[in-house]
Structure formats: structure tokens, C-alpha cells
Amino acid sequence: MKTEIEELLRKKEIKITANRILILELLLNTPHSLSIATIEKALPWADRATIFRTLKTFEKKALLHAVKDDDKPIKYAICSDACEVNYHKIHPHFHCDTCGNTFCLYDYDFRLPKLPDNYTADKYSLVINGICSNCQKHNI
Ligand SMILES: [Zn+2]
Ligand SMILES: [Zn+2]
């Protein structure tokens, strides 16, 4: 796993540090997006400023993206392989109303509907609310 992570950092031209490896490992091993506070809890020795800077660096290099669900604070998730610095593959997000986690639906394409004339879109996102597969299992 370590070498894979180092490989990924190298590919995205991010300098390898111990904290960056650990933060990336945590994000890769979590199936849903994470807030800074959650990352802080998982890596108690890393201070918040370091975590924040690392996430910003990863975001700039298209390694992760901010997930815009209705929750505050913002959560972050790993980008899909198709993402590059100037191109992010748009995918919907699924917010589970039971556990509160938000998942990236990378394989589900979604396109911006045709806009009225003279409207240009800068950003758009789709959040689907419901119950995730994990919570469904516990409900039965
Ligand atoms: Zn859930
Ligand atoms: Zn996502």
C-alpha cells in the first residue's frame, strides 16, 4: 500500500512526506468523504494546519475534491483516476440520511441540462439523498 501511495503522489507531482502518505492512505481506505475534523481524529498527532494545507495541496493537484453536500464543514474525497488539474470528471454524490456519510458515485455520469441562452455554468453538482447500502443492511 505504501509504495502505491508514494507512486500516486509522484504521479501527481506532490512532494512525499510522512503526513501526506498517512492522510492519503486514510482517504483511500475510507469509502466516503471525510471532514478535516474526522481526519484530525484519525491522525491525532498531525495538527489541523498541516492537515488543512495537505488537503489544499491535494485539491490543487486533482487528487481530491471538496464534496458539496448540505453538511458543514466541507468534506473531501479522492478524485477519480480521470481527474486532472484542469479537468474534473463530474460525478453525483450520495448522501446517506442515516449515517450522514457522503459517497462519490464515480461511475455514474451526469451531464448539465441545456441552459437557457446567455446562461453559463461555472460549477454544478448533484447530491442524491437516501440510505446507503451499509445502513440498509443494518435495517433488515
Ligand atoms: Zn449510511
Ligand atoms: Zn466525489
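No value in this document is a laboratory result; all are computed from the given coordinates. Because the structure is predicted, anything quoted here is derived from the model rather than measured. When we count neighbours, we look across all protein chains shown, and the Cβ atoms used for this are built from the backbone with ideal geometry, even at glycine.
At a 10 Å Cβ-Cβ cut-off, how would you order 58, 110, 103, fewest neighbours first?
With the fewest neighbours first, 58, 110, 103 line up as 110, 103, 58.
Spelling out what I want: for every residue of the range 32-43, take phi, set θ = phi - 60°, compute 6.51 cos²θ - 1.76 cosθ + 1.60 (Karplus), and round to whole Hz; glycine and proline get x.
Taking θ as phi minus 60°, the curve returns 10, 6, 10, 8, 4, 4, 5, 5, 4, 5, 6, 10 Hz for the range 32-43.
Which percent of the Cα-Cα distances in the range 73-140 go past 13 Å?
72 percent
So if we plug the beta-carbon distance of residue 111 and residue 131 into 1/(1 + (r/R0)^6) with R0 = 25 Å, what FRET efficiency do we get, rounded to 0.05?
Once rounded, the FRET efficiency stands at 0.45.
Over the residues of the range 2-139, compute the C-alpha Rg and express it relative to 2.2 N^0.38 Å.
With N residues counted in the range 2-139, Rg over 2.2 N^0.38 Å equals 1.12.
Sorted from fewest to most neighbouring beta carbons within 10 Å, what does the list 40, 4 look like?
4, 40
Given the Cα-Cα distance of residue 29 and residue 86 and 0.36 nm per residue of separation, how much length would full extension add, in nm?
Result: 18.0 nm gained on full extension.
Please give the length that would be gained between residue 74 and residue 16 if that part of the chain were fully extended, namely 0.36 nm times their separation in residues minus their C-alpha to C-alpha distance (nm, one decimal).
Here the segment from residue 74 to residue 16 would lengthen by 18.4 nm.
Per q in 0.15, 0.25, 0.31, 0.33 Å⁻¹, report the Debye log10 I(q)/I(0) for the range 42-91, using one uniform scatterer on each alpha carbon and no solvent.
The calculated log intensity ratios at q = 0.15, 0.25, 0.31, 0.33 Å⁻¹ are -0.45, -1.00, -1.17, -1.22.
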